[in-house]
1. By count of other Cβ within 10 Å, fewest leading, how are 298, 133, 78 ordered?
2. Would you mind computing the Rg to Rh ratio of segment 149-301 from its alpha-carbon coordinates, Kirkwood style for Rh?
3. Tell me, what is the FRET efficiency for residue 284 and residue 81 to the nearest 0.05, using R0 = 35 angstrom and their Cβ-Cβ distance as r?
4. Over all directions, the average projected area of the alpha-carbon convex hull for segment 110-222 comes to how many nm²?
5. Rounded to the nearest angstrom and ordered from largest down, what semi-axes does the equivalent ellipsoid of the chain get from its C-alpha gyration tensor (root of 5λ)?
6. Between residue 184 and residue 377, what is 0.36 nm times their sequence separation minus the Cα-Cα distance? Round to one decimal in nm.
7. When a/c reaches 1.5 or more, the comparison of a/b and b/c decides; with that in mind, is segment 1-159 rounded, prolate or oblate per its Cα gyration tensor?
8. Can you put 145, 181, 67, 297 in order, fewest other beta carbons within 10 Å first?
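All of the numbers you see were taken from the coordinates with simple rules; none came from a lab. Source: prediction; values computed, not measured. Don't worry about glycine lacking a Cβ; one is built from the backbone with ideal geometry, like all the others, and counts go over all protein chains shown.
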């Protein structure tokens, strides 16, 4: 059986972004409740692990001391000019009491997952309160204050592990990419929506890394409207050969559920079946996987998507595929489908596909023709 750790602390439930902010920290507690009710946390090989906050000294391995000082002051209600220059206080980086404590604990959860992987105690670890991939060394951005993904990858790489970051989130992992842009021991691969004015504006195919890291940044920009079938096609064409060639020791997997159809901030048309299929293909490599949450601004859909992903991570897909459990959703044609977790398959929009498929083909051609050779792959 798969040895799995779900990383969560009730302390995380004390902190909340402002009510008007679309980012909801409550998703993690709701996920824990759902998994418990479905029996997906029971058994000797599954456990809930309570993390500790990351120490300041650990945070300073990536973030600057000046930035952390400004973040701590803002967390206590004292905003100053340093907070402004640190990107704090915008609609995308709201200031709220306890924000530093929350971010440090969320980072500690991802670091705890990395520790469990390094110790060989688990095959998969999941921190749904992680995935703050937009935070930079000295600046907050996109609801992100402390970059737990970077810190976890640094921990793994510093222990001699070859790390591949696979980021499936509607927004490009700019903070993570920048942190490792000139390194060859951490490869970042991001599948994200891309278009005029879409945050953060990075993640073009041409961003491939510099120096020793040239070829170790792989970006797969997705046109608005990309659906399950189109995503599966580009995932198979890019992700699978890159993972095979890079041959990582561990995969850090970000599953931002804002690629789901109906997310209020994005324009992709995936169902959670696409995520489940992608997770299954990652598991085929038989590598330890540290999974983090990320985006997802329809809270209920995000929780269900993560619950389905967890069931795949632990090898319990049979429970979620039992039609007898989810018959009500089938009969009512709601979003609930098999086992109350799998989304209904969305009817294809042929007009959208005719417009999008050529654009995706061009992306695949650019990557296989220009990026693959940088890591020794031939198209």
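1. Working: 298 21, 133 31, 78 11.
Placing the least packed residue first, the sequence is 78, 298, 133.
2. Numbers: Rg = 14.4 Å, Rh = 15.4 Å.
With Rg and the Kirkwood Rh in hand, the quotient comes to 0.94.
3. On the way: r = 51 Å, r/R0 = 1.46.
The computed FRET efficiency comes out at 0.10.
4. Details: hull surface 28.0 nm².
For the Cα atoms of segment 110-222, the hull's average projected area reads 7.0 nm².
5. Numbers: eigenvalues 159, 130, 93 Å².
Listed largest to smallest, the semi-axes of the chain are 28, 26, 22 Å.
6. Working: separation 193, 0.36 × 193 = 69.48 nm, distance 1.54 nm.
Between residue 184 and residue 377, full extension yields an extra 67.9 nm.
7. Values: a/c = 2.67, a/b = 1.53, b/c = 1.75.
Note, shape of segment 1-159 comes out oblate.
8. Values: 145 30, 181 19, 67 26, 297 22.
So the residues, fewest neighbours to most, are 181, 297, 67, 145.
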